[in-house]
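A quick write-up on the structure given underneath.
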Amino acid sequence: MNVPNDETTEMHVERLLGRALNSFDLPDALVERLDSALAHASSLHSSHHSAALHRTTHRHTFLLADASSLTLWEVVHNAGRDGAEQHELYAEESEARLAASRLTAGFPDPEDELGEDLDADLELLGALMARPAAPAPLMYVPDRSADHARRVLRRAENEDRPGEAVAARLRGAFAHHIRQVFGRQCGVAGRDAGFALYEHAFLLLDGSEMSVWEVEHTATPDGRHMCEVYEDEHVARAAMERRAQVRGRVR
């Protein structure tokens, strides 16, 4: 990733926000704080390179006018439809790690997949989605969880996404846990499509727990990433299977 030597901090902020595909997901308060950035430092945090995927994670730290610091995490990858370099920006390292894991685990290299038969891929996909997720202990982290819930609901594109009642409950979230419960890439309609399912579990102020289920897939007409969010895991799995079957009928 090339960084101009004479780039000012203001220019650096503008460049980061301008090239990030998901900059609208960043909290408004965070973007406003960046307006007072006086200095910055960037460094490579991690990288992954294979035959099909190139992915790096960068840490950008800013010194603000009030003497505090702010860090952004940038994931750069070539997992788009045309292989062009794409940038994603996150306020938390955990969110950047999750995004990176979606690329390397949820969407593995096509060369690693076994079998090219469409019917076999769909049968395997259906079998995996029907298999109950292995129980794992939830480790809640108190880290702006209500804001995380807001961003998850905001990026959902499905018409039957959770409504205001769910959003109102999640405004009382003070801790959360994210886990991937399914990830698979298969050949659908003559090309690769990736499917991943994530549970976003929240601990609420009244002591109760609540989860929403996020489906991320590339079974779209143009191969772009799409996010859907559901209140129920079984409904989310059914939506994944439906997406795979619909794409499988496209000729």
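Residues Trp213, Trp73 in ascending order of nearby Cβ atoms (within 10 Å, fewest first): Trp73, Trp213. Over the C-alpha atoms of the stretch 9-105, the Rg to Rh ratio, Rh being the Kirkwood estimate, stands at 0.99. The phi-based Karplus calculation (6.51 cos²θ - 1.76 cosθ + 1.60; θ = phi - 60°) puts the 3J(HN,Hα) values of the stretch 147-157 at 5, 4, 4, 4, 5, 4, 5, 5, 8, 5, 9 Hz, whole numbers, x for Gly and Pro.
Taking other residues whose beta carbon is less than 14 angstrom from the beta carbon of Ser211, and scoring Lys, Arg as +1 and Asp, Glu as -1, yields -3.
Listed from fewest to most Cβ neighbours within 10 Å, the set Thr218, Thr8 follows the order Thr8, Thr218. Taking amide H as placed 1.01 Å from N in the peptide plane, Val181 has its amide H under 5 Å from the amide H of Leu197, Tyr198, Glu199, each at least 5 places away in sequence or on another chain.
Put in order of Cβ neighbour count within 10 Å, fewest first, the listed residues Met240, Met210 become Met210, Met240.
The numbers here are math on the coordinates, done by the rules we state, and not lab data. Predicted model only: the values in this text are computed from it and were never measured. Backbone-built Cβ (ideal geometry, glycine too); neighbour counts: all protein chains shown.
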